[in-house]
Each structure stands twice: as C-alpha cells, then as structure tokens.
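For reference, the structure discussed in these notes is given below.
The values are calculated or read from the model by the stated rules, or taken from the named source; none is laboratory data. Keep in mind the model is a prediction, meaning the values are calculated, not measured. With ideal geometry, Cβ positions are generated from the backbone for all residues, glycine too; neighbour counts draw on all protein chains shown. These accessible areas exclude ligands, DNA and RNA; they are computed on the full protein's heavy atoms, side chains included. Shrake-Rupley method; radii C 1.70, N 1.55, O 1.52, S 1.80 Å.
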Amino acid sequence: MVKIVCSAAVNGIDGFLVSVECVYASNVREKMEIIGLPDTAIREAEGRVRAAAASCNLPIMHGLLTVNLAPASQKKEGTGFDLPILLSVLDTDKLGSINLGGKCFVGELSLTGEIKPVCGVLSMALAAKELGFREIFVPYDNAAEASIARGINVIPVRNLKELMNHLKGIETIEPKKLSMKELQEIAALDTLDFCDVKGQDDAKFALEIAAAGFHNVLMIGPPGSGKSMLAKRLPSIMPRMTLNDAIESTRIHSVAGTLPSNTPLITSRPFRSPHHTVSAAGLAGGGKYPLPGEISLAHNGVLFLDEFPEFDKTTTEILRQPMEDGKVTITRVSGRVTYPCNFMLVAAMNPCKCGYYGHLTKACICSPAARLSYMNKISGPLLDRIDIQIEVQSLEFATLSSESGAEKSADIRQRVSAARAYAAKRFEFETVNGKPLLFNSQMQAEHVKRFCMPTQKGIELLKKAYDSLGLSARGYDKILKLARTVADFDNSEMLTEDHILLAIQLRTLDRNYWGK
Ligand SMILES: Nc1ncnc2c1ncn2[C@@H]1O[C@H](COP(=O)(O)OP(=O)(O)OP(=O)(O)O)[C@@H](O)[C@H]1O
Ligand SMILES: [Mg+2]
C-alpha cells in the first residue's frame, strides 16, 4: 500500500505541492531510499527521521522503505521534508488512526523530535491555500510568517509530541492567526528619520523627487558630508508598500532565509547596502540552488551602492538587464529561477580619490588625470540608467550645530505619496512589457511623448538648454521624465518652465565631472 503525505516546496518565490509517497517491503534489510531528485540534505533525512522517531517512541515500519517525492522530475532541496517523510513512514497500525487528509506538512526535525524552522514557508502556505488545503502544519517559528497567507489554517508545531497529540485529537494546537492589532504593530515604524539630517536641503529635495518617480540617484560629495546618512533614510519617505508588495518582498526574504525572526511581514521598504567586494552572484543571485541576490532582496526598496567606483565594473554591469526588466533569471544545473528585483538604485561616491575635489575649504591633491580615471571607474551604461545626480556638499559649522529641527520623514512622505497618486491616475491603463506602468522612471519613449508636454516657455527653455549644455537625445528624454515628476508635485498636466529648470538642475553633474 502506498501512503501519501502532502508537503510543499519552493521554486524561486513560487510554492508548489510535493506528495511524499512511501511504499515498504518487509523482510528485506532495514533501509530508507529517498527518490524524486532530492539534494544531499534530503538524502540525509533518514538519520534525522529515525532518531527523532526513536526519541519520541514513534513506531516506524520495518523493511525497505521507498520514499518518493512527487513530482519526481522537479529538483527538491532543503530539510523541510523531514516531517512529511516521518509521517509517511510511521507504522500507523501501531499508532491508532490519524487523519492526514487535507493537511500539508513542512518542517525540519532535530534528533530529539523538535521541529525547526525552514526557508520559504510563506510561499508554501500561499500555494497550499491556492490548492485548496484546509491546514498547513509548519514549524512554530515560521507560523507568524505563514499566517500572512490568510485563508488557510496555520498550525504551529514545536515538536513531534505536540503534533501527535493534536493529530490523535488528545490536545488541540490552536491555529496561528495574526490579529489586526498584531499586524498594525508590525506596520513598520521607520527608525531612521530625515529630520536627523541637518541642512542638505538640495539633496533632500532631489531624494524627494527620486522617491516619487522611482528615479535612480547618484550622490557625489566629500567624506562625511552625509551621503550614507541620506541614503539610509530614503525608505522612510517612499510611499508605504501595499499589502501585495509587502507579501512579495517577504516571500523573497523568506526564501533567502533573511527574514528577521520577529518580522513575519516586511512592511518597511527594504534597504540593502552590499559591500563593494560583493560578487556577481551575491548581487544578482546564484549558488548551486539559486538564491535571491542583493538586487532581489532590495525589491520594492533601495539598493545602495556606497563607494560606487570601488565596485567591480563587470559585477555592476550585471545590473543593466535586471534594472530594465524588474526581474532576474538565474540558470544553474539545478534549474532556472526568476526573482523579482524592482529596486531604486542609489549610488554614492567621492568626487575624486582624495575626496576633496570641489571642497569649500580643503584642497584636492589629485591630478586631473587621476580624477578622470577615478570617475571613469564607473560603468557608463549604468550611469546612463541614473536619472538624478546630485552634489552633496560638506556642511558649514553653523548648519551642523544649529538646533532648529529639519522636516520629518512623515511629512515628506505625504507629499511624495500625493505626487505618486497623481501619476497613478495618468498611468491607469498603461503598460510596459505587459506589466502595469507605475512610475515616471519606467516611461518609454512613447509615454514621454504623450505625457511630458512642455508649455511654450518650457519648450524655449529646453531648446536653450539643448544648445548651450550640449544635451544628448537620451539626456533630453531624462530631463522630460524628471520634469514630469516635478510637475506631479504640483498636480500639473503640463511641464512648465520651472519644472523643467528644476529637472535640468538635477542632472548637471554629467558635465561637471564627466564633461558630457
Ligand atoms: N547633514 C548632516 N546632519 C547631521 N549629521 C551629519 C550630517 N552629515 C554628516 N553627519 C555626521 O557625519 C557622519 C558621517 O556621515 P556619512 O557617513 O553619511 O558621510 P558620507 O558622505 O557617507 O561619507 P563617506 O564619503 O566617507 O562615505 C554621520 O554619521 C553623522 O554623524
Ligand atoms: Mg558613506
């Protein structure tokens, strides 16, 4: 007789059902054979299953146990199958009847029968719900995360003893439900606030525009001028994530194993700041069983590349395609997975090797050639994808020591959200590559033509700028897109002279530093 226990696994951030099927042949040597493309961790499950069963006095069938993980053609990984495998090999005749119908099980076993957390549980719970399961049994530490799925009973299990008592109806485990109150408590309070940053009004204004249009930003300035400080506070002025965005970000972090234990739902926009020595796989995703990289962990939030010129050019150029597509596909022997990666790129750098070129009081010791070679370390194609470039000057003492408070992030966020809402109406029926167009930075040439209409005076200013600043066609389009975002703050359909002037000011560094 074949015994079947349902479980789930993930491919990328999508969960799928796995049937754990077991047949046994008695009077043959004692062995467990696991088939259905398991990885090493799954092949080692036999040791954990037998030890856990023994320490909890649970009877296992004798003889040759063949355990198949169906669909057999799909590669499986991780330790989450320990629990369903154990349930499939239990000698139920000796146990008394337990009903496993309509239930799905996930969890790693310790040798003493404790049930330990695994990665990707939210995606598994969502898949189980879609497939019509009534209940999913998950490790206690994963239960809050799984309960975000809603519409399926999530039973948190600490150990085999509790599970068996529940299945036999001796002692019921209550399903985990996140109350509205708990959800509200999770609803992030951003710990970093723009009001901590003194002065730097131009930089803050530029970041406000960036947040509204989801424009990529480059900040150039001397050491200690507050670039990192500003970047870290950017998520606090971006509009709050929708529940769907929050769930998608949570699924990525859950699969990557980076979900903080006390955060079942990621409600703050992610901020990722990889070190400049990060590898291509670390940035874009990879590994034998491909895991999300920094660009996916930053999905819906900010990817901050500090000390930008120190990053390996070949590594950062990998970002080009994913930045256009909002997703990254990783191919490995073990399979192909796609992760979403819709992030805002914020890069920061010094203006030269010594850091003081253009400084108000300190002298720069770099030669012009050294300066140029420093700037040229940045990948041109990547620079092309950065709409806003700003200079962050070092602060004067009076500003730094002043007691007067700066504007709070919450107030800036309100303006940003209002500008976004205005843009959203315009983009209601628009798409890019089959996906809804959401932000000004995503506009294609045809959208720029339709939605970025300057007034007569605006056209005159653009003409002057085009001739005197030597703009390229690409630069011209970028100014229009930026002006569109500036105009959104005024709820203005047309791009006025003022909007265009501000947009031009947000892109002047090309010429100052690269002579473009
Ligand atoms: N505008 C500011 N308001 C308040 N404090 C500031 C400001 N700018 C800098 N500081 C102080 O200086 C410290 C360094 O700032 P930060 O790390 O952001 O500089 P940076 O521009 O990133 O420098 P680097 O180029 O060396 O990376 C901050 O931790 C903060 O204490
Ligand atoms: Mg810094």
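Listing for the model above:
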{"quantity": "Cross-chain or 6+ apart pairs with Cβ under 7 Å, segment 298-310 first and closer than 16 Å to L218 by Cβ and in the same structural domain as R233 (by TED's automatic domain parsing), then within 11 Å of ligand 2 (Cβ to nearest atom) and in a loop (DSSP other than H, G, I, E, B)", "calculated": "F304/S273; D306/S273"}
{"quantity": "Qualifying residue in segment 129-137 (condition: without any contact (Cβ under 8 Å) to a residue 40 or more places away in the chain and not in a loop (DSSP other than H, G, I, E, B))", "calculated": "yes"}
{"quantity": "Single residue of E182, E171 found to be of a type in the set (D, E) and either at pLDDT 95 or above or within 29 Å of the chain's Cα centre (by Cα) (or both)", "calculated": "E182"}
{"quantity": "Residue count for segment 136-162, restricted to those that are open to solvent by 10 Å² or more (accessible area, probe 1.4 Å) and among the aromatic types (F, W, Y)", "calculated": "1"}
{"quantity": "Those residues of segment 6-15 which are of a type outside the set (G, A, S) and either outside the structural domain of V138 (by TED's automatic domain parsing) or modelled with pLDDT of 95 or more (or both), in sequence order", "calculated": "C6"}
{"quantity": "Single condition S261 does not satisfy, out of (1) within 18 Å of A125 (Cα to Cα); (2) open to solvent by less than 20 Å² (accessible area, probe 1.4 Å)", "calculated": "(2)"}
{"quantity": "Residues that are open to solvent by less than 10 Å² (accessible area, probe 1.4 Å) and among the polar types (S, T, N, Q), drawn from segment 101-129", "calculated": "S123"}
{"quantity": "Condition broken by K435, with the remaining ones in (1) closer than 26 Å to K232 by Cα; (2) open to solvent by 70 Å² or more (accessible area, probe 1.4 Å); (3) not polar (S, T, N, Q) satisfied", "calculated": "(1)"}
{"quantity": "Segment 224-240: number of residues that are farther than 24 Å from R507 by Cβ and surrounded by fewer than 23 Cβ atoms within 10 Å (Cβ to Cβ)", "calculated": "2"}
{"quantity": "Residue among E446, E460, E493 that alone is over 36 Å from the mean Cα position of the chain (by Cα) and either more than 20 Å from M323 (Cβ to Cβ) or not in a loop (DSSP other than H, G, I, E, B) (or both)", "calculated": "E460"}
{"quantity": "Test result for N244, open to solvent by 30 Å² or more (accessible area, probe 1.4 Å), modelled with pLDDT under 90, part of a helix (DSSP H, G or I) and not assigned by TED's automatic domain parsing to the domain that holds A9", "calculated": "yes"}
{"quantity": "Search result, residues across segment 433-458 that are among the polar types (S, T, N, Q) and more than 16 Å from V486 (Cα to Cα)", "calculated": "N433, Q444, Q456"}
{"quantity": "Top-ranked residue in segment 81-100 [being in contact with a helix residue (DSSP H, G or I) (Cβ under 6 Å, 6 or more places away or on another chain) and of a type outside the set (D, E); ranked as most open to solvent (accessible area, probe 1.4 Å)]", "calculated": "I98"}
{"quantity": "Of all residues making up segment 353-394, the number that are in contact with a Phe, Trp or Tyr (Cβ under 7 Å, 6 or more places away or on another chain) and under 25 Å from H215 (Cβ atoms)", "calculated": "2"}
